[in-house]
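Below you'll find the structure, written out as structure tokens, and then a few comments.
What follows draws every value from the coordinates through simple rules; no lab data is involved. Worth saying up front: this structure is predicted, and the values here are computed from it rather than measured. Don't worry about glycine lacking a Cβ; one is built from the backbone with ideal geometry, like all the others, and counts go over all protein chains shown.
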Amino acid sequence: MTTVRACLNIIWTIQEHKHATLTFWALENPDGYLSQFLGRPSYSFQPWKFGCVDFRATKRTMLWGYFNQPRETVRKRDFTKIPLKGQHSKRKDGYANSPVDQRWKGQSAEKRAETEPSFAKSFYEANK
């Protein structure tokens, strides 16, 4: 939370100066913990909606801030989910072991944390 506070402090400091108003700002984080502190996100997405087909395709991500929403480029997923058998390991979405889930294995923390390039480009185009 130290990093989140530092980011919000930078945003507040810039916004307080009349000649330095931000055109847009955003905080990005995967679905989960941060929404308990920042509330409902301004936007959420799945990278596959921007054409991602690698291991990050189903990394649900949230954005908080003031920005134009990027235009999603894909309407239908081109990969399938495999239903779970048994109740003991059921995820929230009721699925596991999809081809995309398997792609996370062996990826470094740094690689998993990267923003997917097709989303980044779409976000840039919407906010330049």
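Key figures for this structure:
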| read-out | value |
| --- | --- |
| Nearest-0.05 FRET efficiency for A113 and R71, computed from C-beta distance (R0 22 Å) | 0.35 |
| Label-point gap, in nm, between I10 and R60 - each point 7 angstrom along Cα→Cβ | 2.8 |
| Highest to lowest packing among 44-55, 116-127, 3-14, scored as the average C-beta count within 10 Å | 44-55, 116-127, 3-14 |
